[in-house]
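What follows is one structure encoded as structure tokens, with my remarks underneath.
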Amino acid sequence: MIMTQPRAESSATRVRRLVVIAGLAGAGHWMIYVAEKIYLAAIGTVGMIGSPASPAAAAAVADPAAAQLGNAAFGLLPALVSLVAILPLGRRVPRPLLLTALCLVLAATLALVALLLTHANWAHLVLSAAGLVAIVSLTAASFLRLPGTAHST
């Protein structure tokens, strides 16, 4: 019996896989945010799961469902940008525009992590920190035109 070594995958293939994972993880992070906001809109409350808003803050929101649906709509944008950055569809988007959008997603994710630092909700913080790592990786890969990004060389 002849034993053959499995073919070693190229470094470009490994990088491509990691970049795609980062893009999917970033999009997944924001889709979890969207799902949470839709759930909170359905029950008509503001705040986060496990960290309800103070009564004063809740009273200041006239329509909690509409506010949470607005938050959910906002969360769809970073998820979409993360996906476009790893799909061939992204080649249709001018590179400077896509890089700017990725930087805005990075800023939004960083702001979310900073906001969560003030709450004692560790599950949200860990999830958002993982999302931040994914978005940082995706943004850096996109700037470097690594394999797996929409504008890779």
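Report, by residue number, each residue of the range 138-153 that is in a loop (DSSP other than H, G, I, E, B) and in contact with a helix residue (DSSP H, G or I) (Cβ under 6 Å, 6 or more places away or on another chain).
Within the range 138-153, LEU146, PRO147, GLY148, THR149, ALA150, HIS151 qualify.
Here is a yes/no grid of residues against (1) in a helix (DSSP H, G or I); (2) buried (at least 19 other Cβ atoms within 10 Å of the Cβ); (3) modelled with pLDDT under 95:
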position	(1), (2), (3)
ALA57	yes, no, yes
ALA62	no, no, yes
VAL81	yes, yes, no
LEU89	yes, no, yes
LEU99	yes, no, no
LEU102	yes, yes, no
ALA123	yes, no, yes
VAL136	yes, no, no
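Each row is one residue, and each column tells you yes or no for (1) of a type in the set (A, V, I, L, M, F, W, C); (2) assigned to a loop (DSSP other than H, G, I, E, B); (3) at pLDDT below 90.
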site	(1), (2), (3)
THR4	no, yes, yes
VAL15	yes, no, no
LEU18	yes, no, no
ILE21	yes, no, no
ALA25	yes, no, no
GLY28	no, no, no
ALA67	yes, no, no
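What number of residues in the range 105-119 are surrounded by 14 or more Cβ atoms within 10 Å (Cβ to Cβ) and either among the β-branched types (Val, Ile, Thr) or within 12 Å of the chain's Cα centre (by Cα) (or both)?
Final tally of qualifying residues: 7.
Evaluate the following for VAL34: is it surrounded by 16 or more Cβ atoms within 10 Å (Cβ to Cβ), among the aliphatic types (A, V, I, L, M) and at pLDDT 95 or above?
Taking the combined requirement at face value, the residue satisfies it.
Going through SER82, SER51 one at a time, which residue ends up being more than 30 Å from VAL19 (Cα to Cα) and among the polar types (S, T, N, Q)?
SER51
Given the conditions (1) among the aliphatic types (A, V, I, L, M); (2) in contact (Cβ under 8 Å) with a residue 12 or more places away in the chain; (3) in contact with a helix residue (DSSP H, G or I) (Cβ under 8 Å, 6 or more places away or on another chain), which single one is not true for LEU117?
Result: LEU117 fails condition (2) only.
Name the residue that is nearest to GLY50 (Cα to Cα), counting only residues in the range 114-150 that are β-branched (Val, Ile, Thr) and in contact with a Gly (Cβ under 8 Å, 6 or more places away or on another chain).
ILE135
How do the pairs read when you match residues in the range 45-65 that are within 12 Å of HIS119 (Cβ to Cβ) with residues anywhere that are modelled with pLDDT of 85 or more and assigned to a loop (DSSP other than H, G, I, E, B), using Cβ under 7 Å and keeping only pairs 6 or more apart or on different chains?
Sorted first by the residue in the range 45-65, then by its partner, the pairs are PRO52/THR45; ALA53/VAL46.
The values are calculated or read from the model by the stated rules, or taken from the named source; none is laboratory data. Predicted model only: the values in this text are computed from it and were never measured. Virtual Cβ from ideal backbone geometry, glycine too; neighbours counted across all protein chains shown.
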